[in-house]
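Below: the structure, in structure tokens.
The values are calculated or read from the model by the stated rules, or taken from the named source; none is laboratory data. Note that the structure is a prediction, hence the values are computed from the model and not measured. Cβ coordinates were reconstructed from backbone atoms using ideal geometry, including for glycine residues, and neighbour counts include every protein chain displayed. Surface areas here come from the heavy atoms of the whole protein model, side chains and all, with no ligands, DNA or RNA. Shrake-Rupley method; radii C 1.70, N 1.55, O 1.52, S 1.80 Å.
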Amino acid sequence: MLNVHSMIAGATWPAIPTARASQLLAVQFQLEQSQWLSAEEIRARQERQLWCLYQHSYECVPFYRTRMDAAGIPPVRMHGPDDWSRLPLLTREDIQEAGSQLFCTPRLAEHGMISQSLTSGSTGTPVLTLGTTVTRLLWSAMSLRQHLWAKRDFRGKLAAIRACDHPADGEYVTDNWGLGTLDIVDTGPALTLDIHTSVDTQADWLTRHDPDYLLTYPSAVLALAHHFRRSGQRLPRLREVRTFGEVLEPHVRRACRDVWGVPVTDTYSTQEVGYIALQCPDVEHYHVQSENVLMEVLDENGRQCEPGELGRVVITTLQNFAMPLLRYEIGDYAEVGLECPCGRGLPVLRRILGRKRNMFILPTGERRWPCMDTSVPGFDALTAVRQFQVVQRSVGELDVNLRVARPLTDEEESTVRNTLVSGLGYPFQINIRYVDAISRSPNGKFEDFRSDVDDPERVFVPY
């Protein structure tokens, strides 16, 4: 039986849990049991859930009814994995073009309130997705699972450096770590600093607050470790670095061990899907969160990859009945791993590729996290943009490659420039180029931001 109390020694618990907390603890109990099931039993349970989702998608989602009929596999003809593999992959462009045809009608009241999310992910291809109270609860449950797997001390101070909505002075403070712990356990404070601040500012902020846990992007971790190594600044209380949002390369782990003497725990998630895989607490690889997603890793011929093989990541969201994503090719690549010695039956990814972004270099030598400031007026109206890629050609010049449904007006091009200048905090010369396609990088990924500038500081990369 799950005893979360024993896993969070010394933490303070509410006397009477809220309704949300009770639901979250009930889900956590189920997750504690399901992770130890055999791979065969996990797959069998996924198939039962998938069958319900498939029928629902055919009956209630116009896009899938059309797609399944065209493929000759309505539910009455769906008999197993061979039929499933005939369902065409769902792309980000499919989602863009389908729009509300991907929404469930009518809404399922038992799944709770509908929420919307607009994201460009790491591909520069913006998509709108829907979620429900159920999917948000599972997001929180997976977050709590991650904390429990890592055996974190909830009394500690958490510092996050990430993209945020430009709070006053670039930072804000809360008295709880977030939705995975809210209403469950009283935690130490959580402090958040905007990633768009300089590395010097981030280092000074961390030194001042001296956190127990640091949460940020791998490229930011590497830049910070380099800075601390060079400056002699210290973080004596730091216990663990947590990363998300990008590929975590081995040299980032080495840098954290050598500079701060702490391990790195990585997370694989997307805004439209939620948690996809969490780092195993015993081995530095990843367990697919099979209670929430069905993952396929496919080679170029559409065949399921074997351990040691690298392929395209294709995800089916098992619990999202408001906007099901069936066989969604998210644009990443991953390597399938062997069965984990930890005993969990959850599938293993040995490594994950994709989600790679590079820091840009300003003429001052300062490094900035590249972004599009989506709060700039007019950005939401750029519906003609299908995909973008920003390439830093020199310290003062950027190329913006745009794949569009139609050429932008002068005013829309001005909005693109203003969005970049605002997000980067520097008046780069910006060249807009219209392209028919944006190619993958050599390792099979799309990069929405890439710096081609030689950086002498990157001698730290092989660290």
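Remarks
- Computed over protein heavy atoms with a 1.4 angstrom probe, the accessible surface ordering of Tyr426, Tyr64, Tyr58, largest first, is Tyr426, Tyr58, Tyr64.
- Dividing the summed -39500 (n - 2.57) terms of all DSSP H runs of n ≥ 4 by the residue count of the chain sets its mean residue ellipticity at 222 nm at -9000 deg cm²/dmol.
- Residues with amide H under 5 Å from that of Leu382, placed H, sequence gap 5 or more: none
- Built amide H within the under 5 Å cut-off of Arg351, gap 5+: Glu335
- Dipole of the chain computed with +1 at Lys/Arg Cβ and -1 at Asp/Glu Cβ about the Cα centre; of Leu182, Phe244, Thr129, farthest Cα towards the positive end is Leu182.
- Pairwise FRET efficiency - Glu306 versus Cys342, Cβ, R0 = 22 Å, nearest 0.05: 0.60
- Applying 0.36 nm per residue to the separation of Arg406 and Leu108 and subtracting their alpha-carbon distance, the gain on full extension is 103.6 nm.
- DSSP beta bridges in the chain [antiparallel fraction, %, rounded to 5]: 65 percent
- Per-residue surface analysis assigns Thr91 an accessible area of about 50 Å², computed on protein heavy atoms at 1.4 Å probe radius.
- Fully extending the segment from Arg162 to Asp436 would add 95.4 nm, taking 0.36 nm per residue of separation and subtracting the current Cα-Cα distance.
- Rolled with a 1.4 Å probe across the full set of protein chains, the surface gives Tyr217 an accessible area near 20 Å².
- DSSP assigns beta bridges within the stretch 81-207; of those with both partners inside it, close to 65 percent run antiparallel.
- What you get for the stretch 54-125, charging only the Cβ of Lys and Arg (+1) and of Asp and Glu (-1), is a dipole of about 40 debye around the Cα centre.
- Glu59 accessible area, assembled protein chains, probe 1.4 Å, Å²: 120 Å²
- Kyte-Doolittle mean at least -1.0 and Cα axial length at least 18 Å: DSSP H helices in the chain: 19-34, 133-150, 218-231, 410-424
- Rounded to the nearest 20 debye, the dipole magnitude of the chain is 640 debye, with +1 charges on Lys and Arg beta carbons, -1 on Asp and Glu beta carbons, and the Cα centre as origin.
- Under-5 Å amide H pairs with Leu215, H placed in peptide plane, nonlocal only: Ala159, Ala160, Ile161, Arg242
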